[in-house]
Amino acid sequence: MRRNCKVLGYGMAALLLAGCGAAPEGGEASSAAGNAPEAATPAGDTAPAATATPQDAGAIHDRDGKPVAVLPFDIAGVPPSQATLGAMPFFGLPQGYAPQNTPHPRAWARFPFRIGDGIHWVEGPSWSAHIVAEGDKSFSALELQRNLENLIDAAGGKKVFEGPLHRDIYYGPQLEDEIGGGFIDAVNMEQDAPTTVYVVRQAQRNVWVQLTIDAGGAGLAVLEEVPFQPSARWSDAFPHLSLPAGYRDRNKPQQRDFDRFPFWTGNGFEQVEGRTWAADFGKDEREYSMHEVRRNLEAMMATVNATKVFEGRIPKEQAETVPKALLSAYSQAAGFSWDDADLVVYRADLPDGRQVWVHARLEYLSAGWVVAERTGFVQTATLLPAAALKQKLDSDGRVAIQVNFATDKADILPSSEPQLAQVLDLLRADPALKLSVEGHTDNTGDTAHNRTLSEARARAVVAALAGKGIDAARLQSAGFGADRPVADNAGEEGRARNRRVELVKR
C-alpha cells in the first residue's frame, strides 16, 4: 500500500476552540463489538455509543495471518465535553508542519483505532494525512505530539490508548483494500511506531484521533462519530438502487432485458434469470470510501427488508468456475477476478411478488453492483419459415436464423428445434441448394475464445442438419467470432444482433 510521496505546499485550517468550560456530568453510553445497526439511525439528543462496526466476512487477521482482536469500548469512561470545535479535522498543526500529500477527507468511512491488544471500529466523517515538517524545519516528534495533546486536552479529550502501531494489522487480507484506499497516509509508518489514541466525548458526537509518529513524520487519522444518515435511496422502479451522494458512474451502466447471473450464497451459485443492471462507480480518489458504499447499500436494502445472503470473498476455486464469457460481460461492475474483492449479496422479496438480487463489489478505489430482477423468459425473436428463408437467400445471399445455445457452449437448446425444422424444409425442397453455416459473436470476452466458440456452434448446426438426413457435402461451417458485426457493440441491443448464426448461399 506504500505510495510515492511528494511534499506539497498545503495549508491546514487552524483549530477554532472556544468556550472550553467545565464539562458537566452526562449520561453513560457503552458498546459491544459486532452490534452496529444495519439501517440509518436518526440523530438524537445524546452522543452515539462507541460501537464496533461488524466484520461479517469473519475474523480479522494481520498480514502474517495472526488474529486481531476487535474490542468494545466503554465511552462512559471519557468525561463529557462542551468545548466548541471548528470544522474537520478540528485540531490544527503547530507552525511549520503540514500534510505531505493532499489529505483524505471522507463523507463517511470507518477506521480501526488501536485499543488495548486489538482494534476498535469507529465510523463517521473522517480526515487523514501524513504530517511532515515544512521547508528547512527539522521534524520533532515531541513538538508535534505536545501541541496536539494540549489542544485535545483543552477540548476535554482523553487519552485512551498509548502503545505500538502494529502496522501489519492494517495490511491484513480483510483491511488492506479498505484502509489502503482511505487511510494509507495515517498508517504507512514503522511497524511498531509509537501510537496514541484520544477521544473527545460530546453530546451529539464523539471525536476520535489516532496519532502515530516515527522518525520522519506522523500519521494522523481523525473521525467524527455521529449517527449514519444514508444519501442513497431505494426506488420501486428497476434497477431500484441509486448512488450515494457525490458518486458517479465510471462507465455507462449496462441493462440487459434478459440474462442469467450467478449470485454467490456462501454454499454455491444461485442462478437468477431476468432483467439485469450492471454499474460501476466511484468518487474522487481521496474521497472514495468502501464503507460509505457499504452502509448506503445496507440502508437501501433495509427499507425492503432484504436478506443479506453473503458477505466476504468468494473462494478462489469457486470463482474460477464462472464462465469467462460471463466474467467479461459483467467485468466492469463485478470485476474479472471475483475472489479478489469484498462481496455483499442481498435478496429482496418485494410485496408485489418480484424478487430482486444484488451482487455488490467493494474494492480499493471503486465499487460496482449487479441487480437482477427475477422474471420468466419472454421470447421476442420470431421464427423464419422456410419460404421466408428462401426469399432472403435469393435476395441477399444470406439470412440470420434463431438458434439458441447454452451459455458459453456449443450445445443447441431445445428451443431452437422449430427454426432448424424450417431450415430442413428449405434444404429438402431444393436438393441443389448448398449452404455455409457461419457463427458470429459480439466483442465481449477474449477474441480467440469467441472465434473458437463461433466455429464450434456453426459445426453443431451442421451436425444437427446432417443428423436429420441432409447430405453433409451440401453444408460447410465457419466461425468468425466478433470480426463481422452487423450492429454497434456499445449497447446490449447491438451485441444481441451480433450474436447470431447465418446461412450463406454457396
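Only aspartates and glutamates eight or more places from Lys283 in sequence, or on another chain, were considered; those with a Cα closer than 15 Å are Glu178, Asp249, Glu292, Glu363. In order along the stretch 448-454, phi translates into HN-Hα couplings of 5, 5, 4, 5, 5, 5, 5 Hz, rounded to whole numbers, per the Karplus curve 6.51 cos²θ - 1.76 cosθ + 1.60 with θ = phi - 60° and x for Gly and Pro.
Would you tally the net charge around Leu142, using a Cβ to Cβ cut-off of less than 15 Å, leaving Leu142 out, and scoring K and R as +1, D and E as -1?
Numbers: positive: Lys137, Arg146; negative: Glu143, Glu149, Glu162, Asp214.
Charge balance near Leu142 sits at -2.
Modelled spin labels at Arg250 and Lys505, positioned 7 Å past Cα toward Cβ, are 5.0 nm from each other.
For the chain, the mean residue ellipticity at 222 nm estimated from helices alone is -5500 deg cm²/dmol, where every DSSP H run of n ≥ 4 contributes -39500 (n - 2.57) and the total is divided by all residues, rounded to the nearest 500. In the chain, a dipole from Cβ-located charges (positive for Lys and Arg, negative for Asp and Glu) runs towards its positive end, and of Gly182, Leu243, Ala221 it is Leu243 whose Cα lies farthest in that direction.
Packing, taken as the mean count of other beta carbons within 10 Å per residue, orders the peptides 294-300, 278-284 from highest to lowest as 294-300, 278-284. Solvent-accessible surface of the chain, taken per residue with a 1.4 Å probe and all protein chains present: 44 Å².
Dipole magnitude for the chain: computed about the Cα centre from +1 point charges on Lys and Arg Cβ and -1 point charges on Asp and Glu Cβ, it is near 1860 debye.
Backbone amide hydrogens, once placed in the peptide plane, bring Leu241 within less than 5 Å of Ser235, excluding anything fewer than 5 places away on its chain. With a/c under 1.5 counting as rounded, go ahead and sort the stretch 197-275 into rounded, prolate or oblate using the C-alpha gyration tensor (a ≥ b ≥ c being the square roots of the eigenvalues; past the cut-off, prolate if a/b is larger than b/c, else oblate). Prolate, because a/c is 1.5 or more and a/b exceeds b/c.
Applying a 10 Å radius around every beta-carbon, put 469-475, 117-123 in order of their mean neighbour count, most first.
Numbers: 469-475: 13.7, 117-123: 21.9.
So the order, starting with the most tightly packed, is 117-123, 469-475.
Straight-line reach from Lys409: taking Cα to Cα under 16 Å and skipping same-chain neighbours fewer than 8 places apart, the aspartates and glutamates in range are Asp259, Glu438, Asp442, Asp446, Glu455.
Per residue, the average separation of C-alpha pairs within less than 8 Å and at least 6 apart gives the stretch 433-483 a relative contact order of 56 percent. Here r is the Cβ-Cβ distance between Arg146 and Gln204 and R0 is 35 Å; the resulting FRET efficiency, rounded to 0.05, is 0.75.
Roll a 1.4 angstrom probe over the protein heavy atoms and tell me the percent of accessible area of the stretch 404-467 that is carbon or sulfur. If you can, show how the numbers build up before the last one.
Numbers: 1510 of 2880 Å².
The C+S portion of the solvent-accessible surface of the stretch 404-467 is 53 percent.
Within the straight-line cut-off of under 22 Å between alpha carbons, the lysines reachable from Lys434 are Lys390, Lys392, Lys468, Lys505, sequence neighbours fewer than 8 places apart in one chain being disregarded.
Which of the peptides 333-343, 366-376 is most tightly packed, and how do the rest follow, judged by the mean count of other Cβ atoms within 10 Å per residue? Don't jump to the answer; show the numbers that get you there.
On the way: 333-343: 19.2, 366-376: 21.4.
In descending order of packing, they fall as 366-376, 333-343.
Would the stretch 200-350 count as rounded, prolate or oblate if I go by the C-alpha gyration tensor, calling it rounded below 1.5 in a/c and otherwise prolate when a/b exceeds b/c, oblate otherwise?
prolate
Apply the a/c threshold of 1.5 to the C-alpha gyration tensor of the chain and tell me whether it is rounded, prolate or oblate. Don't jump to the answer; show the numbers that get you there.
On the way: a/c = 3.34, a/b = 2.64, b/c = 1.26.
Cα axes put the chain in the prolate bin.
Take every Cα pair under 8 Å in the chain that's 6+ residues apart, average their separations, divide by the length, and report that relative contact order as a whole percent.
Details: 1154 pairs, mean separation 58.0, N = 506.
Relative contact order for the chain comes out at 11 percent.
Charged side chains reduced to their Cβ positions (Lys and Arg at +1, Asp and Glu at -1) give the stretch 172-304 a dipole of some 540 debye around its Cα centre.
Got the relative contact order for the stretch 372-506 handy, in percent, Cα pairs under 8 Å and 6 or more residues apart? All intermediate terms of the calculation are to be shown ahead of the outcome.
Numbers: 226 pairs, mean separation 41.2, N = 135.
Relative contact order for the stretch 372-506 comes out at 30 percent.
The values are calculated or read from the model by the stated rules, or taken from the named source; none is laboratory data. Model, not experiment: these values are computed from the prediction. Note that each Cβ is placed from the backbone with ideal geometry, even for glycine, and that neighbours are counted across all protein chains shown. Only protein heavy atoms, including side chains, enter the accessible area calculation; ligands, DNA and RNA are left aside. Shrake-Rupley method; radii C 1.70, N 1.55, O 1.52, S 1.80 Å.
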